[in-house]
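Every read-out reported here was derived from the displayed coordinates using simple, explicitly stated rules and does not represent laboratory data. Note that the structure is a prediction, hence the values are computed from the model and not measured. Glycine gets a Cβ as well: all are built from the backbone with ideal geometry, and neighbour counts include every protein chain shown.
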Amino acid sequence: TTRIVLASRPSGKPVAANFRLERETVRDLAEGEVLLQTLYLSLDPYMRGRMDDAKSYAKPVEIGGVMEGDTVAHVARSRNTAFKVGDIVLSHSGWQSYAISDGTGLQKLDPETAPITTALGILGMPGFTAYAGLRNIGKPKAGETLVVAAASGAVGSAVGQMAKIYGARVVGIAGGSKKCHHLRQELGFDVAIDHHSSDFPAQLAAACPNGIDVYFENVGGHVWSAVFPLLNDFARIPVCGLIAHYNETSSVASRRDQLPAVMRAILRKSLTIRGFIQREFADQRPDFYQQAGAWISEGRLKYKEDIVDGLENAPEAFLGLLEGKNFGKLIVRVAP
Ligand code: NDP
């Protein structure tokens, strides 16, 4: 088996040398175990957090440990009566081409119902994150203005389309004209703005003449700074991700302390700013599968996948994700 381990912890921006590719022979199965051959590996921003040895909502990857990640895998051998050879499962077996599992946590997928890669994206964790953040915190109403950044990505593209279905006016923020074109032409966003533009804050203000009622926060940084003054009274801000800050060391963060201004706005405008990790709402997953499945089949919820070939290319693709090089849900095809 081939696997990618964490060779060293990054300081700031991660580099290729933080990862190491290793080869090993697969051992025999014990009773109750299955051998999983990874078909697809999901690459997600949270993996940056797992590379640090800092206190978080999940444990870090150990040095020398296999990088974590959701996978779609094929059961290649089985000594577990619940799984037969050929079954396709959603697993969390990480950045490796084969893994042994005792079956715990494996979820069978039906390739007839939906393409199996969607279990990592629109019909998986990122799609559910969009749904849960809107349903529980953002609560967009018809006619309100919703803004979302990283809008062509796995979470953001679903947020914008779901908000359109709920009747909101949707402003998407993305990096570059190709992504912006996609938001307007393919996904039906009302406005798309390139956050690399020199007059980005002015463009955002012009796109939100009635202010912002829901800001689905995926990014932080200069996007949050542009959004902040435009927030309306009673605006809701699901804090889903802060990708612009994931590579920062704490000393950098403290130099830009906006906290007093933010706290005053929370009071003055009666803002709701609420962080969440999607699994908090796990009991809503059945609703989500049903709803999102229907929206996809009605053509109201579209998705784009960015598929990279070869496990050995996962580190580079992951580094690109942190810089906006992906266009759509980033997935590695591990087995040809
Ligand atoms: P995406 O597919 O959206 O990929 C990340 C995108 O972030 C990049 O393509 C880039 O898009 C954008 N980006 C990166 N750096 C910056 C920056 N400095 N400023 C502005 N934009 C930047 O990833 P996901 O959809 O998987 O994740 C989106 C967010 O949601 C992340 O913050 C992630 O951590 C969070 N998340 C949170 C979950 C939760 O439970 N709370 C669960 C899943 C995801 P562009 O080129 O358009 O700038």
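Structural remarks
- Charges were assigned to the Cβ only: +1 to each Lys and Arg, -1 to each Asp and Glu. The resulting dipole of the range 14-173 about its Cα centre is roughly 620 debye.
- Cα-projected label distance for ASP53 with ASP233, points at 7 Å along beta-carbon direction, nm: 5.1
- Chain lengthening between ASN247 and SER297 when straightened (0.36 nm per residue, less Cα-Cα): 14.2 nm
- In the chain, taking the dipole from charged Cβ atoms about the Cα centre, the farthest positive-side position among GLY176, ALA205, GLY12 is held by ALA205.
- DSSP bridge analysis restricted to the range 232-336 gives an antiparallel fraction near 0%, rounded to the nearest 5.
- Compared with the direct C-alpha span, the chain from GLU62 to GLU280 gains 76.0 nm at full extension, assuming 0.36 nm per residue.
- Inter-label distance, nm, simple model (7 Å from Cα along the C-beta direction), THR272/SER197: 3.1
- Evaluated over the Cα positions of the range 20-133, the convex hull gives a direction-averaged projected area, one quarter of its surface, of 8.3 nm².
- Projecting label points 7 angstrom from Cα along Cα→Cβ for ALA206 and LYS325 puts them 3.2 nm apart.
- Computed log₁₀ I(q)/I(0) - Debye formula, equal Cα scatterers, no solvent, the range 82-159, q 0.15 Å⁻¹: -0.68
- Residue-span extension gain [LEU29 to VAL15] - 0.36 nm each, minus C-alpha spacing: 1.5 nm
- Cross-link partners of LYS325 among lysines, defined as those whose alpha carbon lies under 16 angstrom from its own and excluding same-chain residues fewer than eight positions apart: LYS13, LYS178, LYS179, LYS304.
- A convex hull fitted to the Cα coordinates of the chain yields 137 cubic angstrom per residue.
- When the range 125-281 is reduced to its Cα atoms, the Kirkwood hydrodynamic radius in Å: 15.5
- For the range 152-213 versus the range 1-49, the gap between their alpha-carbon centres in whole angstrom: 35
- Simple Cβ-charge dipole of the range 125-281, Lys/Arg +1 and Asp/Glu -1, about Cα centre, in debye nearest 20: 280
- Only Lys, Arg, Asp and Glu carry charge here, each on its Cβ (+1 for the first two, -1 for the last two); on that basis the chain has a dipole of about 720 debye about its Cα centre.
- Cut-off 14 Å (backbone N to label point 7 Å along Cα→Cβ of TYR46), residues of the range 154-175: 155
- Toward the positive end of the charge dipole of the chain, with +1 on the Cβ of Lys and Arg and -1 on the Cβ of Asp and Glu, the farthest Cα among VAL219, VAL89, ALA76 is that of VAL219.
- Within the chain, DSSP assigns beta bridges of which about 55% are antiparallel (rounded to the nearest 5).
- Tensor-based shape of the range 231-315 (alpha-carbon gyration tensor, a/c under 1.5 rounded, otherwise prolate or oblate): oblate
- FRET efficiency, ARG333 to SER177 (Cβ-Cβ, R0 22 Å, nearest 0.05): 0.20
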